[in-house]
Amino acid sequence: MSSKPPARARSAFQFYQAAELSAVKREQRELSAAARRAHASECALARASGARPPPTPPPPAPPGMGAAMGELSRRWKALDITGRRSYVDRAEADLERYSSECRAADAEATAASAARREAAGFGVGV
């Protein structure tokens, strides 16, 4: 009997997430870095002209995983069916794989159970 159950089937969004999440996080880091550079430049110009730097605090650090997932979700919702098609196809294939593995695991478990029952003498000539 196999020790691990089959890996659950992944959704179309999960395939999209695997393909696009790193790009979304990279874009957010670049935007945050650009905002920090702009603020630093604004402060440097103010100091060079003898004025006080702007009182606004520097922009925050790059957004976390929650912001990246929110952006990813927004982009997924904006995709039309042709944009989603490859991810849906992969999800359908993964669901078929999962179903097949589950059927095989069930058959294996049933056979193992029957063998244990037979070895224990259950169901034999009552």
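The values are calculated or read from the model by the stated rules, or taken from the named source; none is laboratory data. These numbers were taken from a predicted model, which means no experiment stands behind them. Cβ coordinates were reconstructed from backbone atoms using ideal geometry, including for glycine residues, and neighbour counts include every protein chain displayed. Just the protein is used for accessible areas: all its heavy atoms, side chains included, with ligands, DNA and RNA removed. Shrake-Rupley method; radii C 1.70, N 1.55, O 1.52, S 1.80 Å.
Shown in residue order for the range 88-97 are the 3J(HN,Hα) couplings computed by the Karplus curve 6.51 cos²θ - 1.76 cosθ + 1.60 at θ = phi - 60°: 5, 4, 5, 5, 5, 5, 5, 5, 5, 4 Hz (x for Gly and Pro). Full extension of the segment from Ser11 to Ala105, taken as 0.36 nm per residue of separation minus the current Cα-Cα distance, would add 31.7 nm.
With a simple spin-label model that places each label point 7 Å from the Cα along the Cα-to-Cβ direction, the separation between Phe122 and Leu79 comes to 4.7 nm. Carbon-plus-sulfur accessible fraction, the chain (probe radius 1.4 Å, protein heavy atoms only): 59%. Per residue, the chain exposes 72 Å² of accessible surface when a 1.4 Å probe is rolled over the protein heavy atoms with every protein chain present.
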